[in-house]
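What follows is a single structure, written as structure tokens, with notes after it.
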Amino acid sequence: MKSTFQYSSALSCFTGLIILICCASSVKGQNITINEVLASNVSLDYDDFFQYEDWVELYNAGGILDLAGYHLTDDPDSLFKWTFPIDDPGLTTILPGGHIRIWCDKDEQQGSDHSNFKLSGEGETIYFVDPDGQTILDSLEFGLQQDDVSFGAICDGCDEWQYF
């Protein structure tokens, strides 16, 4: 009897954990913000292929979230330009207080964290878009960039921005 009770309690606990994870994963991306951008990376930060590529960093102020199916774009007429992969939870799962960097190098064959567009050092707008491909959840407009100087929130998720 005791082992049946322990098994039942463990099963209930496991089921509760699965429900919690599913609920956390279904939360819309309102807690995800564009946190920093480097649009003229000449020699500051390199990717896994030792290439200096531009990047966008997202920050999660909320619970555990899977970004699979969400989009990043620099084109307001194509809000679904680049999609977070649905088959790479190691990349797309973002923990509370966590960050994800996407290399904007138009070089998708280098991995799931490489987008199909490049950033313009002349300035542009970046959009983070809901999986519906229509709802803009966050955007960042930035101007002319200096080499190796990123533009980002003063603190994670803050509304004030500065150059780093």
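Structure notes:
- Cα convex hull volume per residue for region 123-164 (Å³): 88
- Anisotropy class of region 64-135 from Cα gyration tensor, a/c 1.5 cut: prolate
- Gained length - LYS106 relative to ILE136, 0.36 nm times residue gap less alpha-carbon distance: 8.6 nm
- Among 107-113, 128-134, the order from most to least packed when residues are scored by Cβ within 10 Å on average: 128-134, 107-113
- By average C-beta atoms within 10 angstrom, highest first, the peptides 68-75, 50-57: 68-75, 50-57
- Prolate/oblate/rounded call for region 35-164, Cα gyration tensor, a/c under 1.5 rounded: rounded
- Radius 10 Å from Cβ of ASP45, net charge of other residues (Lys, Arg +1; Asp, Glu -1): -3
- For region 55-78, the residues whose backbone nitrogen is under 12 Å from a point 7 Å from the Cα of ASP88, taken along Cα to Cβ, are 68-69.
Quick note: the coordinates plus some simple rules give every number you see, no bench work behind them. Note that this is a predicted model, so its numbers are computed, not measured. Quick reminder, even Gly has a Cβ in these numbers, built from the backbone with ideal geometry, and neighbours come from all protein chains shown.
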